[in-house]
Structure formats: structure tokens, C-alpha cells
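Undergrad: I am attaching a structure below and will ask some questions about it afterwards.
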Amino acid sequence: EDACRKVVELVRELAADKNRFPGFDPIRDIQVLVAVNKRSSVSRQTLSPMLQDILNPHGQSVAGSPFRVGDKVMNTKNGFLSPLDGGEKVMVANGEFGKVLEVSATKTVVEFHNPSRVVLIPKAKSEGKAKGGGQKDGDAEDSEGDATGCDLVLGYAQTVWKMQGSSAPIIVGVIDEYPGATGAFGNCDRAFIYTMISRAERECHVVGLRSTMRNVCKRVFISRRKTFSAELLSREL
């Protein structure tokens with residue numbers, strides 16, 4: 001609970017500095033990274049709504065939708081979505097961040113970038129529930145279970161592994177005391193710390209106990225991976 005409060009206070013402090021760097025946009029440029037999706041007081045599902053209230057308190061909202069106009073959201077499943085202009089469907093990848101342009105009880109209009117795509121996402125039963133039980137998405141069995149009615153989730157907080165390949169100007173990383181994160185059988189090791197810190201383009205702030213971070217840095221999970229790379233190479237050679 002103390003860690004949750006500290007994360008919220010830090011984000012509020014960072015967002016208040018409007019001149020932190022040219023073009024600073026707190027919603028887009030501050031990204032909180034966590035270890036797990038749920039169960040912890042600093043999980044993605046716990047922190048994202050709190051950060052929404054700090055970073056986008058006045059965004060237009062409607063009953064029946066968890067999103068507000070201006071929200072940062074993330075798509076959680078690869079798929080082809082209908083553009084707002086009614087043209088041919090466009091690809092939106094799992095892990096892409098977007099900006100909410102319009103909300104209603106039955107649909108959400110989102111703009112994704114690089115390349116720019118404005119798509120209409122109807123509210124329906126989500127098909128994005130994670131499959132398998134891999135450790136790398138943090139509580140993967142419910143990694144997409146936000147009950148949003150679609151394959152979108154709030155993007156203010158995300159797991160470190162979901163941010164692989166992405167970056168943000170300001171990263172706020174959380175060292176979680178939840179056993180499923182940093183406990184003996186948790187999902188955090190040295191690679192977690194490295195991946196979290198290396199997502200930052202300008203600044204990285206870490207919230208947590210230094211002793212826990214040291215212990216996590218001593219752990220290496222690479223031997224747990226079952227890729228069969230050596231066997232496949234041997235067969236080919």
C-alpha cells in the first residue's frame with residue numbers, strides 16, 4: 001500500500017512539471033511498469049485506474065465504458081480492425097498503444113500511430129484472454145481480463161514484459177513485494193530489471209526496496225526457458 005501511494009505521488013509530481021522537456025505530454029510520456037497484472041497492490045489492474053484519475057481526470061466519459069476521451073490504451077490481441085472511415089480493415093498488433101478519440105457505451109474510437117490508424121472497436125465479449133501459463137507476462141492466465149468488453153485495456157501501467165520492444169521518455173518502474181513477482185517462485189529476475197530500466201529514453205525512476213532489487217538482480221531464469229534451440233540446431237547440422 002505504501003508503494004502504491006509512492007508511485008501515485010511520483011507520477012503526480014512528474015506530471016505537474018509541464019516544462020520538463022519540449023513537447024512534454026504526461027499521458028503519453030510517463031509510463032509506469034510493473035511486475036504483474038493483478039493480485040498485487042501495485043499490479044497493472046490496480047494502478048492504471050488510479051493513474052487515469054491523475055493524468056486524465058477531465059476526459060469525457062460515459063456510463064458503461066471504462067475509457068475516457070484522451071486516455072492512453074493498449075491493444076491486447078493481434079487483429080484486423082475496421083477503420084472509422086469504413087475502408088478496408090487494418091492491422092493492429094498486440095501491445096500497440098493508442099489514444100481514445102471517442103467513447104460510448106457500445107464502442108470506442110482509438111487512434112494508433114506509426115502508421116496512423118483510426119479504428120472503431122465495438123464493445124463485445126473479448127477474445128483476448130491469454131492462453132498458456134508462461135511466466136513472462138505476469139499472471140498470464142488473466143493478463144487481458146479487465147472486463148472492458150473488448151481487447152483494449154488502460155495503458156497507464158503495463159507489465160515490463162508487455163513493454164518489450166517499446167520505450168517511453170519517462171519510466172516509473174515498480175519493485176513489487178508480491179510473492180508472485182519477487183518471491184522465490186516469482187516472475188522477476190535480472191532480465192526483468194534490465195528490461196524495465198532500458199525502456200527509458202530520458203529518465204527512469206524506480207520505486208521499491210533496494211534489498212529486494214538486489215535479490216532480484218542475483219536471479220537468472222534463462223535456464224528455465226525450453227526453446228529446444230540446441231536440439232533443433234543439432235538436427236539441422
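Undergrad: To the nearest 20 debye, what charge dipole does the chain have about its Cα centre, counting +1 at the Cβ of each Lys and Arg and -1 at the Cβ of each Asp and Glu? Can you show the working numbers first?
TA: Numbers: 33 positive and 29 negative charges, 112 e Å.
The calculated dipole for the chain is roughly 540 debye.
Undergrad: Still on this structure: Rounded to a whole number, what % of the accessible area of the range 171-221 do carbon and sulfur atoms account for, probe 1.4 Å?
TA: Numbers: 1460 of 2670 Å².
Whole-percent figure for carbon plus sulfur exposure: 55.
Undergrad: For the chain, what are the per-bin percents of Cα-Cα distances with bins 10 Å wide, up to the bin holding the maximum?
TA: Histogramming the chain at 10 Å steps yields 7, 31, 34, 20, 6, 1, 0 percent.
Undergrad: How much of the DSSP beta bridge set in the chain is antiparallel, as a percent to the nearest 5? Spell out each step's value before the answer.
TA: On the way: 22 of 35 bridges.
In the chain, DSSP labels about 65 percent of beta bridges as antiparallel.
Undergrad: Could you pull out every residue, at least 5 positions away or on a different chain, whose amide H is within less than 5 Å of the one on residue 173? Hs are placed 1.01 Å off N in the peptide plane, and Pro or chain starts have none.
TA: 33, 205, 206, 207
Undergrad: Just subtract the alpha-carbon distance of residue 80 and residue 25 from 0.36 nm times their residue separation and send over the number in nm, one decimal. Before the final figure, lay out each step's value.
TA: Values: separation 55, 0.36 × 55 = 19.80 nm, distance 2.88 nm.
Stretched fully, the residue 80-residue 25 segment lengthens by 16.9 nm.
Undergrad: Another question, then. Return one whole number: the accessible area per residue of the chain in Å², for a 1.4 Å probe.
TA: Working: 12390 Å² over 237 residues.
For the chain, the solvent-accessible area averages 52 Å² per residue.
Undergrad: How big is the gap, in Å, between the Cα center of the range 166-237 and the Cα center of the range 42-106?
TA: 27
Undergrad: Let me ask you something else. Round to the nearest 10 and report in Å² the accessible area of residue 177, as given by a 1.4 Å probe over the protein chains' heavy atoms.
TA: Accessible area of residue 177: about 100 Å².
Undergrad: With N denoting the number of residues in the range 33-119, provide Rg(C-alpha) divided by 2.2 N^0.38 Å, to two decimal places.
TA: Values: Rg = 13.9 Å, N = 87, 2.2 N^0.38 = 12.0 Å.
Here the answer is 1.16, to two decimals.
Undergrad: What residue among 57, 165, 222 has its Cα farthest toward the positive end of the dipole of the chain, where the charges are +1 on Lys, Arg and -1 on Asp, Glu, each on the Cβ?
TA: Farthest along the dipole direction, towards plus: 222.
Undergrad: Taking the Cα centre of the range 1-54 as origin, sum charge times position over the Cβ atoms of Lys and Arg (+1) and Asp and Glu (-1), and report the length of that vector in debye to the nearest 20. Intermediate values should be presented prior to the final figure.
TA: Numbers: 9 positive and 8 negative charges, 41 e Å.
For this selection, approximately 200 debye.
Undergrad: Packing-wise, with mean Cβ within 10 Å as the measure, how do 22-28, 38-44 rank, highest first? Present the calculation step by step, with values, prior to reporting the outcome.
TA: Numbers: 22-28: 13.9, 38-44: 21.6.
In decreasing order of mean packing, 22-28, 38-44 become 38-44, 22-28.
Undergrad: With θ set to phi - 60°, apply the Karplus curve 6.51 cos²θ - 1.76 cosθ + 1.60 along the range 7-20 and write out the HN-Hα couplings as whole Hz, x wherever there is a Gly or Pro.
TA: 5, 4, 5, 5, 5, 4, 5, 5, 5, 6, 8, 5, 9, 4
Undergrad: Rounded to a whole number, what % of the accessible area of the range 1-60 do carbon and sulfur atoms account for, probe 1.4 Å?
TA: On the way: 1370 of 2850 Å².
Summing carbon and sulfur atoms, their accessible area is 48 percent of the total for the range 1-60.
Undergrad: Please give the charge dipole size of the range 45-120, origin at the Cα centre, charges +1 on K and R Cβ atoms and -1 on D and E Cβ atoms. Round to the nearest 20 debye.
TA: For the range 45-120, the charge dipole is close to 100 debye.
The values are calculated or read from the model by the stated rules, or taken from the named source; none is laboratory data. No experiment lies behind these values; they were computed from the predicted model shown. With ideal geometry, Cβ positions are generated from the backbone for all residues, glycine too; neighbour counts draw on all protein chains shown. The area values use the complete protein model at the heavy-atom level, side chains included, leaving out ligands, DNA and RNA. Shrake-Rupley method; radii C 1.70, N 1.55, O 1.52, S 1.80 Å.
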